[in-house]
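The values are calculated or read from the model by the stated rules, or taken from the named source; none is laboratory data. Model, not experiment: these values are computed from the prediction. Here the Cβ positions follow ideal geometry from the backbone for every residue, glycine too, while neighbour counts run over all protein chains shown. Remember, those area values only see protein heavy atoms, side chains included, never the ligands or the DNA or RNA. Shrake-Rupley method; radii C 1.70, N 1.55, O 1.52, S 1.80 Å.
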Amino acid sequence: MNLYIRYFDNETLVTNVDDAIDFLRSIPEVGMNPDLEADVREYAESEVYYPKRYKVRPRVYFIIIKTEAATMLDFKQKKALRSTLAAEAEHREIIPPAIARLNEERPGWYEASLDFKRVVMVPSTGKHEYRDTRFVAQLKANSAYDAYTRIVEHLRGRVDSRSQFPSAKGKNFKFKYLGHWK
């Protein structure tokens with residue numbers, strides 16, 4: 001793993017942490033000290049792949065980026081940057097989120113539940129208030145998003161117009177594919 005270091009116009013790509021520390025010592029404004037040296041060594045040895053910036057003085061920083069680029073040209077052309085998705089894939093299996101499945105064309109029966117804020121009148125006071133309401137339905141749809149839009153259209157005609165419906169992408173809309181219709 002190589003390290004790219006930049007402080008204003010001073011930049012370098014080094015192959016080890018000792019070269020990185022020597023480069024930082026060559027810049028007087030950085031003020032290399034044992035604590036900073038230990039922190040740079042710790043970052044270089046860690047499994048963290050996000051860039052790290054170090055404060056030199058207020059609003060002035062230098063940055064260190066871990067890279068697999070062999071040359072400065074490769075780094076500048078972003079040929080060997082380690083993507084966060086690749087790093088996550090090494091540690092755990094990537095599960096497609098519900099958002100990715102939301103627009104997937106899959107005609108059939110769906111069971112969908114929607115938690116929304118329904119406006120109701122309180123009989124004792126005559127005032128209106130929001131109440132959390134869950135609506136569950138089994139319906140035919142072409143996709144999960146189609147099921148969401150059908151439910152919202154159905155409810156809009158039956159509840160107070162001030163009621164608030166959540167986004168289909170949020171945690172308040174859940175769906176399950178039950179099977180293909182015949």
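Quick notes
- Inclusion of K76 among residues that are more than 19 Å from the chain's Cα centre (by Cα) and at pLDDT 90 or above is not warranted.
- Among residues of the range 152-163 that are part of a loop (DSSP other than H, G, I, E, B), those with a beta-carbon under 6 Å from a residue that is at pLDDT 90 or above and open to solvent by less than 50 Å² (accessible area, probe 1.4 Å) at least six positions away or on a different chain give the pairs D160/V119; R162/V119; S163/V119.
- Condition broken by L13, with the remaining ones in (1) open to solvent by less than 90 Å² (accessible area, probe 1.4 Å); (2) farther than 18 Å from M72 by Cα satisfied: (2)
- Single residue of E29, E37 found to be of a type outside the set (S, T, Y), free of Cβ contacts under 8 Å to residues at least 24 places away in the same chain and either touching a Ser or Thr at 6+ places or on another chain (Cβ under 8 Å) or in a helix (DSSP H, G or I) (or both): E37
- Residue in the range 81-104 that is of a type outside the set (A, V, I, L, M, F, W, C), at negative phi, open to solvent by less than 100 Å² (accessible area, probe 1.4 Å) and at pLDDT 90 or above present: no
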